[in-house]
Every structure is written in structure tokens, then in C-alpha cells.
Amino acid sequence: MTLKAAADHTEEYRSTSFDPLDVRPAVADLQDYAEDLAARHGLHVVINPENLVELDASALAGSAIEG
């Protein structure tokens with residue numbers, strides 16, 4: 001996932017693209033799986049999906065982070 005700072009709120013980010021590294025139906029330990037993927041792909045940041053909020057684009061209409 002590529003993140004970009006919001007226009008008026010540099011402390012807020014939004015995703016601008018998403019390229020899956022690996023897709024599996026289930027893993028026994030999500031944290032171990034993420035750490036393994038990060039190590040194999042040289043990633044320095046791993047975002048836990050439980051910390052994400054998905055919004056419909058219409059929820060952003062007229063907001064400072066729209067765009």
C-alpha cells in the first residue's frame with residue numbers, strides 16, 4: 001500500500017495505491033506472517049489491518065482529506 005499525507009492534515013494519511021505481495025486464505029499467526037513478508041520484501045513499516053478504517057468515498061466528500 002502506498003500512503004500519501006492528506007492535503008491539509010499532514011498527520012493524516014490515505015492510501016493511494018495497493019499492490020498485494022502475497023494472498024493466502026488464512027494464516028495461523030498474522031503478526032508472524034506480516035513480519036516474514038516485511039523481511040522478504042525489505043519493508044520497514046507493517047500496518048496491522050485491525051488499525052485501518054475503510055470509508056466509502058462518499059464519506060469523504062467535502063472533507064479536508066478528500067482528493
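The values are calculated or read from the model by the stated rules, or taken from the named source; none is laboratory data. As the structure is a computational prediction, the values presented were derived from the model and not from experiment. Note: accessible area is taken over every heavy atom of the protein model, side chains too, but ligands, DNA and RNA are not part of it. Shrake-Rupley method; radii C 1.70, N 1.55, O 1.52, S 1.80 Å.
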Study note, to complete from the structure: Quick count over the stretch 22-51, residues being within 16 Å of the chain's Cα centre (by Cα) and open to solvent by 90 Å² or more (accessible area, probe 1.4 Å), is 7
Practice item. Output the residue which, of all residues in the stretch 1-15 that are charged (D, E, K, R) and part of a loop (DSSP other than H, G, I, E, B), is least open to solvent (accessible area, probe 1.4 Å). Key: E12
Point to revise | Selection status of D56, at pLDDT below 85 and open to solvent by less than 70 Å² (accessible area, probe 1.4 Å) | key: no
Practice item. Output the residues belonging to the stretch 16-53 that are among the hydrophobic types (A, V, I, L, M, F, W, C) and either assigned to a helix (DSSP H, G or I) or farther than 16 Å from T2 by Cα (or both). Key: V23, A26, V27, A28, L30, A34, L37, A38, A39
